[in-house]
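Working notes for the structure below.
The values are calculated or read from the model by the stated rules, or taken from the named source; none is laboratory data. Values in this document were obtained by computation on a predicted structure and should not be read as measured data. So basically every Cβ, Gly included, is an ideal-geometry build from the backbone, and we count neighbours across all protein chains shown. Keep in mind that these areas ignore ligands, DNA and RNA; they rest on the heavy atoms of the full protein, side chains included. Shrake-Rupley method; radii C 1.70, N 1.55, O 1.52, S 1.80 Å.
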There are 2 protein chains.
Amino acid sequence: MPAASDSTREALLNAARELAQTRGYNAFSFRDLSDLIGVKTASIHYHFPTKADLGRELVIRYREQLAELTRQIDARTSDPGERLDRFIAILRTGLKKGTRMCLGGMFGAEYSTLPGPVQSEVRTFFEGCESWLVNVLAAGRESGRFRFEGNPEQAAQALFASLEGAMMTARAFHDESRFVTAADLATRALSNHE
Amino acid sequence: MPAASDSTREALLNAARELAQTRGYNAFSFRDLSDLIGVKTASIHYHFPTKADLGRELVIRYREQLAELTRQIDARTSDPGERLDRFIAILRTGLKKGTRMCLGGMFGAEYSTLPGPVQSEVRTFFEGCESWLVNVLAAGRESGRFRFEGNPEQAAQALFASLEGAMMTARAFHDESRFVTAADLATRALSNHE
DNA sequence: GTTGGATGACCTACTACTAGGTAGGTTTCT
DNA sequence: AGAAACCTACCTAGTAGTAGGTCATCCAAC
């Protein structure tokens, strides 16, 4: 019921997510959250016993939000090309005009310094994205929309890595168009031209 | 004369580079270096007044080493396809079997928290890699070896982002083959099939 | 009167960085 | 040649500040 508490928890998660996407896990502190939300650092430990707990929930939420969005894509269209386009549009939105990175890409870079439970959620995030892309790519190849060599698993891994890399460079150069054109070229590279 | 000092400085740079490629700039400390090299943290400041100075030199060195290697590629072969293959092989070697990331990718993710002077070196690193790739791709399209839409600059940016992303995921999954197959697919996507 | 939520005060460990000193070698001056 | 001056490379011992985390306490709502 505690609408106040629930909203505090929610506010903490939202602020932490932004900090994590801009600065990374290692470069934001409970004090940062305290300043941002206006709650003492000791109180943060009430909602999240440890920073690892917070980090873990951050990734889980991020993953589930993206899963929900892909479900909406699946419901809206069955065309593989359009599905991929919409997926890319979602990632682009997350960049916030080149001011943020994907949480997965950020935590992927910080991977070796993350607490174990956070690491495994990060891997699950990647695997989830890739498995959705596997279906899209496999269906697209079947329908003649896509063309690529190797199995769909490898193509999905390569595609997702490309998109993550493009989000990273877009943020570093503060230039969203770097992501847009890279995603565009990746999509065309998969397309069947004949 | 300063054979001892020069080797200490060298040892610090090598250790710092490994730490930076595995843990990142924000996640290694002068104490880590102290423990690794066996010199007190205060003495590290003798060689590098601030951590930013160390970080800056790290990126400059990394960039110059890669520039030297691309020069060797250019001297050895003029075939665009082979040049790209060799470039990819250099990046693969740097992964150390999936235990390290590219320094550029790591610092790219940490970008917003890096000291200004380090940031600008990181950008220069990216621009250097991309401009070398621009030449390779442009020559390859000219010769009929490569085929891609848009200008070579965009293609080079997208390709390099793909490779960086693939290095990131390869490290997270401790699986070098993720990079190898992704690089392979990226190369094939650029190839002219007819 | 118990419980959910927040607090102040505190702790330990660590961060980059600095002040001042020193052993040993080289350079310079006489 | 010998003394004075200087330099390199490192040290001990410290600075102020920050990290995540603990604990007893408080207060309002049911």
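Farthest toward the positive end of the dipole of the range A:50-190, out of A:Phe173, A:Gly108, A:Val59, is the Cα of A:Phe173, where the dipole comes from beta carbon charges about the Cα centre.
The average projected area of the range B:109-194, computed from the convex hull of its Cα atoms over all directions, is 6.5 nm².
Short-range pairs are left out: with C-alpha atoms under 8 Å and at least six residues apart, the relative contact order of the range A:51-194 is 28 percent. Expressed as an acute angle from 0 to 90° and rounded to the nearest 10, what is the orientation of the C-alpha long axis of helix B:3-22 relative to the principal long axis of chain B? On a 0 to 90 degree scale, this one is about 60. Summing Cβ point charges (Lys, Arg +1; Asp, Glu -1) relative to the Cα centre of chain B gives a dipole of roughly 400 debye. For the pair B:Asp6 and B:Lys97, a Förster radius of 30 Å applied to the C-beta separation gives a FRET efficiency near 0.50, rounded to the nearest 0.05. Note on A:Ser191 and B:Ser29: their simple-model spin labels are 5.2 nm apart, each label 7 Å out from Cα toward Cβ. Here B:Glu153 yields copy-to-copy label distances, from shortest upward, of 4.1 nm, the label point defined as 7 Å from Cα along Cα to C-beta.
Protein heavy-atom surface of chain A, 1.4 angstrom probe: 48% of the accessible area is carbon and sulfur, with nucleic acids and ligands not counted.
When only the Cβ of Lys, Arg, Asp and Glu is charged (+1, +1, -1, -1), the dipole of the protein assembly as shown relative to its Cα centre reaches about 560 debye. Inter-chain neighbour count for B:112-120: the average number of beta-carbon atoms from partner chains within 10 Å of each residue's beta-carbon is 2. Oblate is the label for the protein assembly as shown, because the ratio a/c of its alpha-carbon gyration tensor axes (a ≥ b ≥ c) is 1.5 or higher and a/b is not greater than b/c.
Excluding ligands, DNA and RNA and using a 1.4 Å probe, chains A and B jointly bury around 3400 Å² of accessible surface, summed across both partners.
Here, the range B:1-69 is characterised by an Rg to Rh ratio of 0.96, where Rg is the alpha-carbon radius of gyration and Rh the Kirkwood radius.
The residue list A:Ala138, B:Phe30, B:Gly150 was ranked by how far each Cα lies along the charge dipole of the protein assembly as shown toward its positive end, using unit charges on Cβ atoms, and B:Phe30 comes out on top. For B:Glu10, the label point sits 7 Å beyond Cα toward Cβ; its separations from the matching points on the remaining copies run 6.0 nm, from shortest to longest.
In terms of the ratio Rg/(2.2 N^0.38 Å) built on C-alpha atoms, what value belongs to chain A? Could the numbers behind the result be given before it?
Details: Rg = 18.2 Å, N = 194, 2.2 N^0.38 = 16.3 Å.
Output field value: 1.12.
Taking a point 7 Å out from the Cα of B:His174 in the direction of its Cβ, the residues of the range B:22-50 whose backbone N falls within less than 17 Å of it are B:22-23. Which log10 I(q)/I(0) values does the range B:32-86 give at q = 0.13, 0.20, 0.25 Å⁻¹ under the Debye formula, counting every alpha carbon as one identical point scatterer? Reported log10 I(q)/I(0), two decimals: -0.53, -0.74, -0.95.
Please give the length that would be gained between B:Ala52 and B:Ile90 if that part of the chain were fully extended, namely 0.36 nm times their separation in residues minus their C-alpha to C-alpha distance (nm, one decimal).
Extending this stretch completely gives an extra 11.0 nm.
Position B:Arg188: other-copy label points at 2.1 nm, ordered by increasing distance, label point 7 Å along Cα→C-beta.
Just the accessible area per residue of the range A:50-190, please: how many Å² with a 1.4 Å probe?
Per residue, the range A:50-190 has 39 Å² of solvent-accessible surface.
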